[in-house]
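Enquirer: This structure is in structure tokens; I'll ask about it shortly.
The values are calculated or read from the model by the stated rules, or taken from the named source; none is laboratory data. Treat the numbers as computed from the prediction; the structure is a model and nothing was measured. Reconstructed Cβ throughout: ideal geometry from the backbone, glycine too, with neighbour counts over all protein chains shown. Accessible surface areas use protein heavy atoms only, side chains included; no ligands, DNA or RNA. Shrake-Rupley method; radii C 1.70, N 1.55, O 1.52, S 1.80 Å.
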Amino acid sequence: MTIDDGAEPGGLGERERAVLAVERRSWPGPGAKERAVREQLGLSPTRYYQLLNALLDDPRALAHDPVTVNRLRRVRAEKEQRR
């Protein structure tokens, strides 16, 4: 899966790394994260979450930021289990 051409060989692209960086941060209140996604990444929240979900299944993302990816995988699994 390649989201952005700014990838290092065998690594994540610039946009992919930026998406993970947004998830690494804590956000002060409702709407702050979505506003940052629009302003910093130029993505709609819907597109952002599509890219993020794809990243969670990408072994390159896990190698780049295992703490964030594993945390988000757990959150996703819990949500799926509740359905």
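Enquirer: Looking at (1) loosely packed, with under 13 Cβ neighbours inside 10 Å; (2) under 24 Å from GLY11 (Cα atoms), which is the only condition ALA77 fails?
Expert: With (1) loosely packed, with under 13 Cβ neighbours inside 10 Å; (2) under 24 Å from GLY11 (Cα atoms) applied to ALA77, the lone miss is (2).
Enquirer: Can you tell me which residue in segment 14-45 is least open to solvent (accessible area, probe 1.4 Å), limited to those that are part of a loop (DSSP other than H, G, I, E, B) and under 20 Å from ARG73 (Cα atoms)?
Expert: Within segment 14-45, the match that is least open to solvent (accessible area, probe 1.4 Å) is TRP27.
Enquirer: I need the full set of residues from segment 46-61 which are among the aliphatic types (A, V, I, L, M) and under 17 Å from LYS79 (Cβ atoms), in order please.
Expert: LEU52, ALA54, LEU55, LEU56, listed by residue number.
Enquirer: For segment 46-61, give me the residue count where each residue is surrounded by fewer than 16 Cβ atoms within 10 Å (Cβ to Cβ) and over 11 Å from the mean Cα position of the chain (by Cα).
Expert: 2
Enquirer: Here's something else I'd like to know. Can you give me the number of residues within segment 48-83 that are part of a helix (DSSP H, G or I) and closer than 13 Å to GLU16 by Cβ?
Expert: 16
Rundown of residues vs (1) at pLDDT 95 or above; (2) small (Gly, Ala, Ser), yes/no style:
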residue	(1), (2)
ILE3	no, no
GLY11	no, yes
ASN53	yes, no
ASP58	yes, no
PRO66	yes, no
